[in-house]
Amino acid sequence: MPITVRIGAATLSGGAFQASALVASADAALYQAKNTGRNRVCMADETPSVAAPTRPTASAIQIQCQTGL
């Protein structure tokens, strides 16, 4: 049975943040990975902020994906 992987990740680079915003950024990257194919790693390019009242979406943050794990 072949196994494939799709990974969504986000990083935190200092400053104040909300854990829920960081998780939401990683979640948006994961959905981008799922939508773009098998064996993908997608990284959210956003530092979550305390002022972020809503969940980020793939269209609201920049997400870069790589293939070939």
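Where a number appears in this text, it was derived from the coordinates with a stated rule and is not lab data. What you are looking at is a predicted structure, and each value in this text was computed from that prediction instead of being measured. A quick note on method: Cβ atoms are made from the backbone with ideal geometry, for glycine too, and the neighbour counts reach across all protein chains shown.
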Among 22-31, 3-12, how do they line up from the highest to the lowest mean number of other beta-carbon atoms within 10 Å?
-> 22-31, 3-12
Förster radius 25 Å - calculated FRET efficiency between residue 18 and residue 62 (Cβ-Cβ, nearest 0.05) = 0.85
